[in-house]
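We did not get these values from a lab; they are worked out from the coordinates using the rules stated. Because the structure is a prediction, the values reported are computed rather than measured. Cβ sites come from the backbone with ideal geometry, for glycine too, and all protein chains shown count toward neighbours.
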Amino acid sequence: MEAASQARTIYAHADDFDNSGRLRRLCAFVRDKFDSAGYIDEKRELKIHVSVVRAKPASSPVNDEDDLPKKGSRGFSVNAVPLLKEFGTMSFGVCRVGQIQIARRFRHAENGAYENDGALSLL
């Protein structure tokens with residue numbers, strides 16, 4: 001677990017509003033399909049979350065691979081301690097998930113968002 005003073009991503013926990021386990025089962029299904037298709041090369045559990053902040057260098061182009069952290073480095077980070085002190089218990093309420101977007105790590109659009117490789121509508 002990374003220290004809050006050197007966070008690369010700030011995320012909000014996501015879970016079923018009724019504790020039915022539907023979201024976790026959906027994630028397990030998607031992960032199993034990706035694993036059997038050969039798209040996943042690591043065995044860590046899928047973290048169900050909503051990314052709120054992602055650290056990146058301010059002065060370089062988003063897609064410039066020369067500016068990506070080198071393998072083994074901790075990369076870019078932000079001190080999230082003040083944010084967590086002020087907003088750490090904030091609730092976003094109940095939200096309906098209408099779509100799953102598939103994105104590859106380290107590939108970003110010009111606006112800094114993850115580049116979308118596909119989507120599945122849940123509605």
Residue 34 versus residue 4, label points 7 Å from Cα toward the beta carbon: distance in nm?
-> 2.8
What is the list of residues in the range 1-24 whose amide nitrogen lies under 18 Å from a point 7 angstrom out from the Cα of residue 83, following Cα to Cβ?
-> 1-14
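So how much slack lies between residue 44 and residue 26, counting 0.36 nm per residue of separation and subtracting their Cα-Cα distance, in nm?
4.8 nm
Can you tell me the FRET efficiency between residue 90 and residue 116 if r is taken as the Cβ-Cβ distance and R0 is 30 Å, rounded to the nearest 0.05?
Result of the calculation: an efficiency of 0.65.
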